[in-house]
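First the structure, in the form of structure tokens, and then the observations on it.
The values are calculated or read from the model by the stated rules, or taken from the named source; none is laboratory data. This one's a predicted model, so the numbers in the text were calculated from it and none came from an experiment. Because the Cβ atoms are built from the backbone with ideal geometry, glycine has one as well, and the counts that use them run over all protein chains shown. Side chains included, ligands, DNA and RNA excluded: accessible areas come from the protein's heavy atoms. Shrake-Rupley method; radii C 1.70, N 1.55, O 1.52, S 1.80 Å.
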Amino acid sequence: MKPDLAISLLHQCRHATLATQSHAYPGYPYASAIQFFCDEHHRPVFVVSALAEHSKNLLADPRISLSLLAPDGDSAQSAARLTMLGDAERFDASDALRRRLLRYLPEAEEWLALDFMFFCLIPKRQRLIAGLGKMGWIEESAWAALPALELDEEQALLTEAQAALPSAIRLLGCDCFGADLLDNGRYRRADWEAASPATSQIRERLLRLG
């Protein structure tokens with residue numbers, strides 16, 4: 001199954017359910033609600049406290065699952081949903097990724113002064129249910145082959161486009177498949193009609209958001 005629909009759903013969501021392997025009760029999954037954003041490769045990144053139960057689980061066993069549900073669905077049975085299986089990798093975030101985090105989650109500035117750690121979900125396999133008859137697995141190789149917009153290029157595009165857009169629109173991020181923004185304070189995802197690996201195409205599409 002092509003990953004385009006999964007990318008759209010992933011960027012529509014700002015919260016997810018994280019299932020880790022319980023360290024205190026081996027064999028039982030431990031589910032918790034988290035906030036997340038994506039890196040330039042559309043991999044979910046989350047910042048967690050060392051005191052959190054799921055953080056202890058992550059450090060003991062990196063195998064996790066992330067469950068996402070389309071935020072505008074009327075029913076969990078009919079709404080688009082995605083289950084991501086993968087490994088949680090702890091890492092030190094670059095300055096560019098930290099700036100991206102703070103665009104999506106400004107409140108995280110306080111977290112970074114505390115004992116919070118960065119983790120990235122390295123996708124292994126994903127199950128997408130996008131609607132009636134639209135379901136299937138997305139393999140690791142398909143996700144790894146997706147075009148990526150480097151963070152420095154993204155920042156330059158956002159700065160240029162933001163200056164030309166109405167003040168009611170605040171850009172949070174952009175990529176080869178769409179853009180994330182606040183429109184009059186409300187979060188939304190704007191998907192491109194087709195993937196745009198060229199920065200010139202992304203620039204044109206960002207400017208049309210106004």
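Scan region 40-48 and give yes if some residue there is more than 14 Å from Met117 (Cβ to Cβ) and of a type in the set (Phe, Trp, Tyr), otherwise no. Step through it out loud before you land on a result.
In the first step, residues of region 40-48 are kept if they are more than 14 Å from Met117 (Cβ to Cβ); the result is 40-44.
Those still in the list that are of a type in the set (Phe, Trp, Tyr) too: none.
No: zero hits.
Looking only at residues in region 116-138 that are out of contact with any Lys or Arg (no Cβ under 6 Å at 6 or more places or on another chain) and without any contact (Cβ under 8 Å) to a residue 60 or more places away in the chain, the one that is least open to solvent (accessible area, probe 1.4 Å) is Gly131. Here Glu107 fulfils each of the conditions (1) of a type outside the set (A, V, I, L, M); (2) in contact with a strand residue (DSSP E or B) (Cβ under 8 Å, 6 or more places away or on another chain); (3) modelled with pLDDT under 95 apart from (2). Quick one: is Glu154 within 18 Å of the chain's Cα centre (by Cα), more than 17 Å from Met84 (Cβ to Cβ) and open to solvent by 20 Å² or more (accessible area, probe 1.4 Å)? No, not satisfied. Among the residues making up region 48-74, those that are open to solvent by 10 Å² or more (accessible area, probe 1.4 Å), farther than 13 Å from Ala16 by Cα and of a type in the set (A, V, I, L, M, F, W, C) are Ala50, Leu51, Ala52, Leu59, Ala60.
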